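Everything on this sheet refers to the single structure shown next.
The values are calculated or read from the model by the stated rules, or taken from the named source; none is laboratory data. Just so it is clear, the structure is predicted and the values come from calculations on it, not from any experiment. Side chains are part of the model used for accessible areas, which takes the heavy atoms of the whole protein and leaves out ligands, DNA and RNA. Shrake-Rupley method; radii C 1.70, N 1.55, O 1.52, S 1.80 Å.
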Amino acid sequence: MFVLRQIYESLKFAGGALRANVLRTVLSLLGVTIGIFAIIGVFTMVDSLEKSIKESFSFLGANILTIDRFPYAFDNPDFPWWEYFRRPAPDTKEFDFLQANLKSASALTIYASRNTLIKQGNNSISGELTGASFDYQDVYDMPIEKGRYFTQMESDGGRNVIIIGVNLVETLFPFQEPIGKELKVKGQKYTVIGVFKREGEGFLGVSSKDDAAFIPFRSFQKIYTTRSRFGVQPNLAVKGKESDIGLVELESELAGALRSSRGLKPKDKNNFDLNRPEAIADAIGSVFDVIGVAGWVIGGFSILVGGFGIANIMFVSVKERTSMIGIQKSLGAQNYFILFQFLFEAIFLSLIGGFGGIFLVWLITFIPFGTLIIGLSMENVLLGLGVSIIVGTASGIVPAAMAARLDPVIAIRQ
(Lines give C-alpha, C1' and ligand atoms only; values in the text may rest on other atoms or scores of the structure.)
Protein backbone atom coordinates (compact mmCIF):
# COMPACT_ATOMS: atom_id res chain seq x y z
CA MET A 1 0.00 0.00 0.00
CA PHE A 2 2.85 2.37 0.85
CA VAL A 3 4.49 1.97 -2.54
CA LEU A 4 1.18 2.44 -4.36
CA ARG A 5 0.50 5.54 -2.28
CA GLN A 6 3.93 6.93 -3.12
CA ILE A 7 3.41 6.29 -6.82
CA TYR A 8 -0.03 7.89 -6.71
CA GLU A 9 1.28 10.99 -4.90
CA SER A 10 4.22 11.24 -7.31
CA LEU A 11 1.98 10.95 -10.35
CA LYS A 12 -0.32 13.62 -8.93
CA PHE A 13 2.51 16.07 -8.21
CA ALA A 14 4.21 15.32 -11.54
CA GLY A 15 0.94 15.84 -13.38
CA GLY A 16 0.49 19.14 -11.58
CA ALA A 17 4.01 20.21 -12.55
CA LEU A 18 3.33 19.31 -16.16
CA ARG A 19 0.08 21.26 -16.26
CA ALA A 20 1.57 24.29 -14.50
CA ASN A 21 4.74 24.49 -16.62
CA VAL A 22 4.12 22.59 -19.83
CA LEU A 23 6.71 24.39 -21.98
CA ARG A 24 9.45 24.20 -19.34
CA THR A 25 8.84 20.50 -18.74
CA VAL A 26 8.66 19.59 -22.43
CA LEU A 27 11.90 21.42 -23.21
CA SER A 28 13.63 19.76 -20.24
CA LEU A 29 12.44 16.28 -21.24
CA LEU A 30 13.44 16.81 -24.87
CA GLY A 31 17.01 15.75 -24.06
CA VAL A 32 15.86 12.41 -22.65
CA THR A 33 13.52 11.87 -25.61
CA ILE A 34 16.28 12.55 -28.15
CA GLY A 35 18.77 10.42 -26.20
CA ILE A 36 16.49 7.40 -25.94
CA PHE A 37 15.50 7.86 -29.59
CA ALA A 38 19.18 7.89 -30.63
CA ILE A 39 20.16 4.83 -28.58
CA ILE A 40 17.10 2.67 -29.26
CA GLY A 41 16.95 3.87 -32.87
CA VAL A 42 20.55 2.80 -33.51
CA PHE A 43 20.03 -0.53 -31.72
CA THR A 44 16.83 -1.18 -33.67
CA MET A 45 18.51 -0.44 -37.00
CA VAL A 46 21.53 -2.55 -36.04
CA ASP A 47 19.37 -5.50 -34.96
CA SER A 48 17.28 -5.27 -38.14
CA LEU A 49 20.36 -5.02 -40.37
CA GLU A 50 22.10 -7.89 -38.61
CA LYS A 51 19.00 -10.07 -38.81
CA SER A 52 18.49 -9.31 -42.51
CA ILE A 53 22.13 -9.99 -43.38
CA LYS A 54 22.24 -13.24 -41.42
CA GLU A 55 19.00 -14.38 -43.04
CA SER A 56 20.49 -13.56 -46.44
CA PHE A 57 23.43 -15.84 -45.60
CA SER A 58 21.23 -18.57 -44.12
CA PHE A 59 21.77 -20.61 -47.29
CA LEU A 60 25.29 -21.31 -45.97
CA GLY A 61 23.72 -23.64 -43.41
CA ALA A 62 24.76 -24.68 -39.90
CA ASN A 63 27.22 -27.30 -38.59
CA ILE A 64 28.92 -27.22 -41.97
CA LEU A 65 32.59 -27.11 -42.92
CA THR A 66 33.62 -26.02 -46.40
CA ILE A 67 37.00 -26.84 -47.93
CA ASP A 68 38.42 -23.72 -49.56
CA ARG A 69 41.66 -22.22 -50.73
CA PHE A 70 40.90 -18.98 -48.84
CA PRO A 71 39.80 -18.48 -45.22
CA TYR A 72 36.58 -16.58 -44.46
CA ALA A 73 38.42 -14.56 -41.80
CA PHE A 74 41.96 -13.38 -42.45
CA ASP A 75 43.39 -13.68 -38.92
CA ASN A 76 46.98 -13.27 -40.13
CA PRO A 77 47.28 -10.14 -42.30
CA ASP A 78 50.99 -10.83 -42.85
CA PHE A 79 50.29 -14.13 -44.60
CA PRO A 80 51.48 -13.90 -48.24
CA TRP A 81 48.21 -13.70 -50.16
CA TRP A 82 49.70 -15.23 -53.32
CA GLU A 83 50.07 -18.55 -51.50
CA TYR A 84 46.27 -18.80 -51.36
CA PHE A 85 46.12 -18.66 -55.16
CA ARG A 86 48.76 -21.37 -55.45
CA ARG A 87 46.74 -23.78 -53.33
CA PRO A 88 45.02 -26.65 -55.18
CA ALA A 89 41.25 -26.50 -55.51
CA PRO A 90 39.09 -29.43 -54.32
CA ASP A 91 38.27 -31.96 -57.02
CA THR A 92 36.27 -35.12 -57.62
CA LYS A 93 39.17 -37.41 -56.60
CA GLU A 94 39.31 -35.66 -53.24
CA PHE A 95 35.56 -35.99 -52.92
CA ASP A 96 35.71 -39.74 -53.55
CA PHE A 97 38.60 -40.11 -51.08
CA LEU A 98 36.78 -38.22 -48.32
CA GLN A 99 33.54 -40.08 -48.98
CA ALA A 100 35.38 -43.37 -48.46
CA ASN A 101 37.35 -42.34 -45.36
CA LEU A 102 35.37 -39.83 -43.28
CA LYS A 103 33.64 -41.38 -40.26
CA SER A 104 32.44 -38.29 -38.33
CA ALA A 105 30.51 -36.66 -41.21
CA SER A 106 26.77 -36.98 -41.54
CA ALA A 107 26.84 -35.84 -45.20
CA LEU A 108 29.37 -34.79 -47.84
CA THR A 109 28.73 -33.03 -51.13
CA ILE A 110 30.59 -31.64 -54.12
CA TYR A 111 29.10 -28.84 -56.20
CA ALA A 112 30.04 -26.13 -58.70
CA SER A 113 28.17 -23.07 -59.95
CA ARG A 114 28.24 -20.88 -63.03
CA ASN A 115 25.99 -18.12 -64.35
CA THR A 116 24.62 -19.23 -67.70
CA LEU A 117 21.84 -18.64 -70.19
CA ILE A 118 18.86 -20.99 -69.91
CA LYS A 119 16.48 -21.27 -72.88
CA GLN A 120 13.04 -22.66 -73.62
CA GLY A 121 11.67 -22.00 -77.07
CA ASN A 122 11.94 -18.26 -77.74
CA ASN A 123 12.30 -17.44 -74.05
CA SER A 124 15.63 -17.18 -72.26
CA ILE A 125 16.94 -15.99 -68.89
CA SER A 126 20.31 -15.81 -67.16
CA GLY A 127 20.47 -17.83 -63.96
CA GLU A 128 22.91 -19.46 -61.60
CA LEU A 129 23.35 -23.07 -62.67
CA THR A 130 24.65 -25.40 -59.94
CA GLY A 131 25.76 -28.96 -60.43
CA ALA A 132 25.54 -30.88 -57.16
CA SER A 133 25.95 -34.44 -55.95
CA PHE A 134 23.01 -36.34 -54.50
CA ASP A 135 23.92 -35.60 -50.86
CA TYR A 136 23.68 -31.84 -51.41
CA GLN A 137 20.11 -31.98 -50.06
CA ASP A 138 21.44 -33.43 -46.77
CA VAL A 139 24.01 -30.65 -46.34
CA TYR A 140 22.01 -27.62 -47.46
CA ASP A 141 18.33 -26.77 -47.38
CA MET A 142 16.54 -27.52 -50.65
CA PRO A 143 12.98 -26.12 -50.32
CA ILE A 144 11.14 -27.72 -53.24
CA GLU A 145 7.51 -26.62 -53.71
CA LYS A 146 6.59 -28.74 -56.73
CA GLY A 147 8.08 -31.95 -58.05
CA ARG A 148 11.08 -33.64 -56.45
CA TYR A 149 14.84 -33.74 -56.00
CA PHE A 150 16.89 -35.90 -58.35
CA THR A 151 17.44 -39.53 -57.32
CA GLN A 152 20.71 -41.29 -56.53
CA MET A 153 20.52 -43.09 -59.88
CA GLU A 154 19.99 -39.81 -61.76
CA SER A 155 22.91 -38.26 -59.87
CA ASP A 156 25.33 -41.14 -60.45
CA GLY A 157 24.33 -41.45 -64.09
CA GLY A 158 24.54 -37.72 -64.80
CA ARG A 159 20.99 -37.65 -66.15
CA ASN A 160 19.75 -34.43 -67.74
CA VAL A 161 17.21 -33.45 -65.09
CA ILE A 162 16.87 -29.98 -63.59
CA ILE A 163 15.24 -28.16 -60.65
CA ILE A 164 14.51 -24.47 -61.26
CA GLY A 165 13.47 -21.36 -59.31
CA VAL A 166 10.19 -19.47 -59.63
CA ASN A 167 11.69 -16.58 -61.65
CA LEU A 168 12.88 -19.07 -64.25
CA VAL A 169 9.43 -20.67 -64.29
CA GLU A 170 7.70 -17.31 -64.86
CA THR A 171 10.07 -16.41 -67.71
CA LEU A 172 10.47 -19.75 -69.45
CA PHE A 173 7.04 -21.30 -68.81
CA PRO A 174 4.52 -18.45 -68.54
CA PHE A 175 1.05 -19.78 -67.66
CA GLN A 176 2.33 -23.35 -67.99
CA GLU A 177 3.02 -26.25 -65.66
CA PRO A 178 6.84 -26.66 -65.87
CA ILE A 179 7.11 -30.19 -64.43
CA GLY A 180 7.95 -32.61 -67.21
CA LYS A 181 8.74 -29.86 -69.72
CA GLU A 182 12.16 -29.49 -71.40
CA LEU A 183 14.57 -26.55 -71.54
CA LYS A 184 18.08 -26.06 -72.93
CA VAL A 185 21.38 -25.25 -71.22
CA LYS A 186 24.50 -24.93 -73.40
CA GLY A 187 22.72 -26.86 -76.14
CA GLN A 188 21.81 -29.76 -73.82
CA LYS A 189 18.14 -30.63 -73.19
CA TYR A 190 17.04 -30.96 -69.56
CA THR A 191 13.75 -32.19 -68.15
CA VAL A 192 12.27 -30.11 -65.31
CA ILE A 193 11.56 -32.35 -62.32
CA GLY A 194 11.14 -29.74 -59.54
CA VAL A 195 10.48 -26.09 -58.67
CA PHE A 196 11.94 -24.32 -55.63
CA LYS A 197 9.78 -22.44 -53.15
CA ARG A 198 9.80 -18.66 -53.59
CA GLU A 199 12.37 -17.04 -51.30
CA GLY A 200 12.14 -13.41 -52.41
CA GLU A 201 14.95 -10.98 -53.03
CA GLY A 202 17.89 -11.38 -50.67
CA PHE A 203 19.17 -8.41 -48.65
CA LEU A 204 22.32 -6.71 -50.06
CA GLY A 205 21.68 -8.39 -53.39
CA VAL A 206 22.47 -11.90 -52.12
CA SER A 207 21.10 -14.35 -54.69
CA SER A 208 18.26 -16.66 -53.78
CA LYS A 209 16.98 -19.88 -55.29
CA ASP A 210 14.36 -17.90 -57.21
CA ASP A 211 16.99 -17.40 -59.96
CA ALA A 212 18.74 -20.75 -59.49
CA ALA A 213 18.79 -24.03 -61.35
CA PHE A 214 20.22 -27.32 -60.04
CA ILE A 215 21.38 -30.34 -62.03
CA PRO A 216 23.38 -33.47 -61.06
CA PHE A 217 27.11 -32.79 -60.75
CA ARG A 218 28.06 -35.38 -63.39
CA SER A 219 25.62 -33.71 -65.77
CA PHE A 220 27.24 -30.35 -65.00
CA GLN A 221 30.59 -31.84 -66.02
CA LYS A 222 29.19 -32.53 -69.51
CA ILE A 223 28.90 -28.79 -70.24
CA TYR A 224 31.67 -27.34 -68.05
CA THR A 225 35.13 -28.64 -67.29
CA THR A 226 35.89 -28.97 -63.57
CA ARG A 227 39.26 -30.71 -63.84
CA SER A 228 41.33 -27.84 -65.23
CA ARG A 229 42.70 -25.01 -63.10
CA PHE A 230 41.10 -22.62 -65.59
CA GLY A 231 37.71 -24.36 -65.51
CA VAL A 232 34.89 -24.11 -62.97
CA GLN A 233 36.34 -24.83 -59.53
CA PRO A 234 34.24 -27.32 -57.50
CA ASN A 235 33.44 -26.83 -53.83
CA LEU A 236 33.32 -29.46 -51.08
CA ALA A 237 31.07 -29.12 -48.04
CA VAL A 238 30.80 -31.48 -45.08
CA LYS A 239 27.94 -31.51 -42.57
CA GLY A 240 28.80 -32.53 -39.02
CA LYS A 241 26.78 -33.99 -36.20
CA GLU A 242 24.34 -31.74 -34.31
CA SER A 243 26.86 -30.62 -31.66
CA ASP A 244 29.95 -28.44 -31.37
CA ILE A 245 31.94 -31.41 -30.07
CA GLY A 246 31.00 -33.47 -33.13
CA LEU A 247 32.02 -30.59 -35.40
CA VAL A 248 35.40 -30.28 -33.66
CA GLU A 249 36.02 -34.00 -34.14
CA LEU A 250 34.98 -33.73 -37.79
CA GLU A 251 37.29 -30.74 -38.33
CA SER A 252 40.24 -32.67 -36.92
CA GLU A 253 39.44 -35.81 -38.93
CA LEU A 254 38.83 -33.79 -42.10
CA ALA A 255 42.14 -31.94 -41.78
CA GLY A 256 43.99 -35.24 -41.36
CA ALA A 257 42.22 -36.82 -44.33
CA LEU A 258 42.96 -33.83 -46.57
CA ARG A 259 46.65 -33.82 -45.61
CA SER A 260 46.81 -37.53 -46.40
CA SER A 261 44.96 -37.07 -49.71
CA ARG A 262 47.27 -34.24 -50.79
CA GLY A 263 50.44 -36.02 -49.66
CA LEU A 264 51.52 -33.34 -47.18
CA LYS A 265 54.46 -34.14 -44.91
CA PRO A 266 54.26 -33.57 -41.12
CA LYS A 267 56.26 -30.33 -41.36
CA ASP A 268 54.27 -28.98 -44.32
CA LYS A 269 51.65 -26.28 -43.78
CA ASN A 270 48.04 -26.93 -44.69
CA ASN A 271 47.33 -25.93 -48.28
CA PHE A 272 43.61 -25.61 -47.56
CA ASP A 273 41.24 -23.87 -45.15
CA LEU A 274 38.28 -25.37 -43.32
CA ASN A 275 35.70 -22.60 -43.02
CA ARG A 276 32.57 -22.37 -40.95
CA PRO A 277 29.62 -20.15 -41.97
CA GLU A 278 29.64 -18.82 -38.39
CA ALA A 279 32.82 -16.91 -39.25
CA ILE A 280 30.79 -14.62 -41.51
CA ALA A 281 28.20 -14.09 -38.77
CA ASP A 282 30.94 -13.30 -36.23
CA ALA A 283 32.52 -10.78 -38.59
CA ILE A 284 29.15 -9.12 -39.13
CA GLY A 285 28.49 -9.09 -35.37
CA SER A 286 31.82 -7.37 -34.60
CA VAL A 287 31.02 -4.58 -37.08
CA PHE A 288 27.61 -3.99 -35.54
CA ASP A 289 29.10 -3.99 -32.04
CA VAL A 290 31.13 -0.91 -33.04
CA ILE A 291 27.99 0.75 -34.42
CA GLY A 292 26.19 -0.03 -31.14
CA VAL A 293 28.94 1.68 -29.14
CA ALA A 294 28.61 4.73 -31.40
CA GLY A 295 24.87 4.75 -30.64
CA TRP A 296 25.57 4.77 -26.90
CA VAL A 297 28.02 7.66 -27.29
CA ILE A 298 25.68 9.76 -29.43
CA GLY A 299 22.64 9.07 -27.27
CA GLY A 300 24.65 9.44 -24.06
CA PHE A 301 25.30 13.14 -24.63
CA SER A 302 21.61 13.80 -25.25
CA ILE A 303 20.62 11.82 -22.17
CA LEU A 304 23.18 13.74 -20.11
CA VAL A 305 21.54 17.00 -21.17
CA GLY A 306 18.12 15.52 -20.46
CA GLY A 307 19.26 14.38 -17.02
CA PHE A 308 20.34 17.92 -16.13
CA GLY A 309 16.98 19.16 -17.41
CA ILE A 310 15.08 16.80 -15.10
CA ALA A 311 17.34 17.72 -12.19
CA ASN A 312 16.59 21.39 -12.88
CA ILE A 313 12.83 20.68 -12.85
CA MET A 314 13.17 18.85 -9.52
CA PHE A 315 15.21 21.63 -7.88
CA VAL A 316 12.59 24.16 -8.98
CA SER A 317 9.80 21.84 -7.80
CA VAL A 318 11.43 21.49 -4.35
CA LYS A 319 11.76 25.28 -4.15
CA GLU A 320 8.13 25.87 -5.15
CA ARG A 321 6.76 23.26 -2.71
CA THR A 322 8.97 24.03 0.28
CA SER A 323 6.11 25.28 2.45
CA MET A 324 4.02 22.21 1.50
CA ILE A 325 6.92 19.97 2.54
CA GLY A 326 7.02 21.76 5.90
CA ILE A 327 3.29 21.20 6.40
CA GLN A 328 3.61 17.52 5.48
CA LYS A 329 6.44 17.04 7.95
CA SER A 330 4.58 18.89 10.72
CA LEU A 331 1.67 16.49 10.18
CA GLY A 332 3.99 13.47 10.66
CA ALA A 333 5.43 12.73 7.22
CA GLN A 334 8.75 10.91 7.51
CA ASN A 335 11.91 11.85 5.59
CA TYR A 336 11.72 8.74 3.41
CA PHE A 337 8.15 9.67 2.44
CA ILE A 338 9.32 13.07 1.10
CA LEU A 339 12.39 11.44 -0.48
CA PHE A 340 10.42 8.83 -2.40
CA GLN A 341 7.78 11.36 -3.37
CA PHE A 342 10.26 13.52 -5.29
CA LEU A 343 12.33 10.55 -6.51
CA PHE A 344 9.30 8.83 -8.03
CA GLU A 345 8.32 12.14 -9.62
CA ALA A 346 11.74 12.41 -11.30
CA ILE A 347 11.50 8.81 -12.54
CA PHE A 348 8.00 9.43 -13.87
CA LEU A 349 9.15 12.53 -15.77
CA SER A 350 12.10 10.61 -17.21
CA LEU A 351 9.81 7.78 -18.29
CA ILE A 352 7.66 10.27 -20.18
CA GLY A 353 10.74 11.31 -22.13
CA GLY A 354 11.70 7.65 -22.64
CA PHE A 355 8.24 6.74 -23.96
CA GLY A 356 8.50 9.70 -26.34
CA GLY A 357 11.81 8.41 -27.74
CA ILE A 358 10.51 4.85 -28.10
CA PHE A 359 7.37 6.16 -29.81
CA LEU A 360 9.51 7.97 -32.39
CA VAL A 361 11.48 4.75 -33.04
CA TRP A 362 8.20 2.85 -33.41
CA LEU A 363 7.08 5.35 -36.06
CA ILE A 364 10.28 4.63 -38.03
CA THR A 365 9.29 0.96 -38.33
CA PHE A 366 6.47 2.02 -40.67
CA ILE A 367 8.87 3.67 -43.14
CA PRO A 368 9.68 1.32 -46.08
CA PHE A 369 13.39 0.61 -46.58
CA GLY A 370 13.20 -1.73 -49.58
CA THR A 371 14.09 -5.29 -48.62
CA LEU A 372 15.18 -4.19 -45.12
CA ILE A 373 12.44 -4.76 -42.54
CA ILE A 374 12.76 -2.59 -39.41
CA GLY A 375 11.33 -4.13 -36.25
CA LEU A 376 11.27 -2.74 -32.71
CA SER A 377 11.98 -5.61 -30.35
CA MET A 378 10.69 -5.90 -26.79
CA GLU A 379 14.31 -6.09 -25.59
CA ASN A 380 15.01 -2.62 -26.99
CA VAL A 381 11.79 -1.25 -25.50
CA LEU A 382 12.75 -2.57 -22.05
CA LEU A 383 16.28 -1.22 -22.53
CA GLY A 384 14.91 2.24 -23.30
CA LEU A 385 12.62 2.19 -20.27
CA GLY A 386 15.44 0.89 -18.06
CA VAL A 387 17.77 3.69 -19.18
CA SER A 388 14.97 6.20 -18.52
CA ILE A 389 14.51 4.89 -14.97
CA ILE A 390 18.26 5.10 -14.31
CA VAL A 391 18.40 8.68 -15.66
CA GLY A 392 15.36 9.68 -13.57
CA THR A 393 16.86 8.14 -10.43
CA ALA A 394 20.25 9.82 -10.96
CA SER A 395 18.64 13.18 -11.74
CA GLY A 396 16.17 13.17 -8.86
CA ILE A 397 18.17 11.71 -5.98
CA VAL A 398 19.91 14.96 -4.98
CA PRO A 399 16.80 17.22 -5.10
CA ALA A 400 14.79 14.51 -3.30
CA ALA A 401 17.44 14.23 -0.56
CA MET A 402 17.47 18.03 -0.13
CA ALA A 403 13.67 18.03 0.23
CA ALA A 404 13.79 15.17 2.77
CA ARG A 405 16.34 17.01 4.96
CA LEU A 406 14.36 20.29 5.18
CA ASP A 407 13.52 21.48 8.65
CA PRO A 408 9.70 21.68 8.92
CA VAL A 409 9.65 25.02 10.80
CA ILE A 410 11.99 26.75 8.35
CA ALA A 411 10.18 25.16 5.43
CA ILE A 412 6.76 26.46 6.59
CA ARG A 413 8.18 30.00 6.96
CA GLN A 414 9.43 29.95 3.40
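Keeping all protein chains in place, calculate the accessible area per residue for the range 80-189 (probe 1.4 angstrom), answer in Å². Can you show the working numbers first?
Working: 5820 Å² over 110 residues.
Accessible area per residue: 53 Å².
Kindly write out, for the range 86-93 in residue order, the coupling ³J(HN,Hα) from the Karplus curve 6.51 cos²θ - 1.76 cosθ + 1.60 (θ = phi - 60°), rounded to whole Hz, with x marking Gly and Pro.
For the range 86-93, the Karplus curve yields 7, 5, x, 7, x, 9, 5, 4 Hz.
Around Asn123, which amide H atoms from residues at least 5 apart in sequence, or from another chain, sit under 5 Å from its own amide H, with H modelled in the peptide plane?
none
Quick one: 3J(HN,Hα) in Hz for the range 112-128, Karplus 6.51/-1.76/1.60 with θ = phi - 60°, rounded, Gly and Pro as x.
Computed from phi, the couplings for the range 112-128 are 8, 10, 7, 6, 8, 8, 10, 10, 8, x, 8, 9, 8, 7, 8, x, 8 Hz.
Holding the Cα-Cα limit at 20 Å, pick out from Lys146/Lys209; Lys197/Lys241; Lys51/Lys239 the pairs that are longer than that.
Lys197/Lys241; Lys51/Lys239
Tell me, what HN-Hα J-couplings in whole Hz come from the Karplus equation 6.51 cos²θ - 1.76 cosθ + 1.60 at θ = phi - 60° for each residue of the range 261-273, using x for Gly and Pro?
5, 8, x, 7, 7, x, 8, 6, 6, 5, 9, 7, 10
Which percent of the accessible heavy-atom area of the range 345-396 goes to carbon and sulfur, probe 1.4 angstrom? All intermediate terms of the calculation are to be shown ahead of the outcome.
Values: 2080 of 2550 Å².
That share works out to 82 percent.
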